[in-house]
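Here is the structure we will look at.
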Amino acid sequence: MDDGLARGPDGLPRCSWALSESEYVAYHDEEWGRPVRTDQGLYERLCLEAFQSGLSFITILRKREAFRAAFAGFDIERVAAFGDDDVERLMHDAGIVRNRAKILAAIANARAALDIDLTELIWSFAPPPRPRPASRAEVPSVTDESTAMARELKRRGFRFVGPTTAYALMQACGLVDDHLAGCAAA
C-alpha cells in the first residue's frame, strides 16, 4: 500500500503511523479520531498533548496510566486544587514526564477549565466535516480553527496550547477525521 496506509497484523489497512508500536494500534483503532464530549476526557487529552510537546507520543501513551494516577484521574476540580506540595510530588514521579512548566500548565489549565464549559468551548472550533485525506501530505499540523482555538484557550488562561497542540487535540478528540482514505478505522 502507499500514500500512508499499511496493512496491519489482521490484514486491514490502517494509517501507517499506527503500526510502528502495539500501543499505537490500539490507540488508533479504539480512540484517535473518535469524538470526546466530556470536560474530563477533553482535559485529559489536552494535558497529554501538552506533555507530548517535543517528545514522541508513544512516550506519553506508555506513561498514560501513571499520568492518570499522578493527576487524580484528570479530575478537573481535584487537579485545580493542587498546590506546591503536589508540584513537588509530581516532579519526583518517575512514571510521568517531569517537566515543571508542563506540570504547572496542567494545573493552570484545570483551574481555567473550572470557569467554562470546556466541551462546548473546544467543540465550537470543530470545522465542517470534510473528506478523509488521501495521503499524509494532506494532513495539516495547524489550521485556522486550531489557531483560533489556541488563541481563545490562552485568552482564558490555558497554557501549553499553541496551534499545533490544539490541532493534535482536534485530531485526538474527533473534531476532525484525519484517518486516511481507505483506513479501516471507523
Exercise. Scan segment 17-61 residue by residue and report those that are of a type in the set (Gly, Ala, Ser), over 23 Å from residue 95 (Cα atoms) and at pLDDT 95 or above.
Key: 33
Quiz item: Residues 132, 136, 64: which one is modelled with pLDDT under 95 and charged (D, E, K, R)?
Solution: 136
Exercise. Answer with yes or no whether residue 37 is open to solvent by 50 Å² or more (accessible area, probe 1.4 Å) and farther than 18 Å from residue 176 by Cα.
Key: no
Exercise. Could you please let me know if residue 70 is touching a helix residue (DSSP H, G or I) at 6+ places or on another chain (Cβ under 7 Å) and among the small types (Gly, Ala, Ser)?
Key: yes
Quiz item: Is one or more of the residues making up segment 21-43 part of a loop (DSSP other than H, G, I, E, B) and without any contact (Cβ under 8 Å) to a residue 60 or more places away in the chain?
Solution: yes
Quiz item: Can you tell which of 90, 19 is under 22 Å from residue 170 (Cα atoms) and over 15 Å from the mean Cα position of the chain (by Cα)?
Solution: 19
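The values are calculated or read from the model by the stated rules, or taken from the named source; none is laboratory data. Everything numeric in this text was worked out from a predicted model, so none of it was measured. Here Cβ is always computed from backbone atoms with ideal geometry, including for glycine, and neighbour counts include all displayed protein chains. When the accessible area is computed, the model is the full protein with side chains, heavy atoms only, and any ligands, DNA or RNA have been set aside. Shrake-Rupley method; radii C 1.70, N 1.55, O 1.52, S 1.80 Å.
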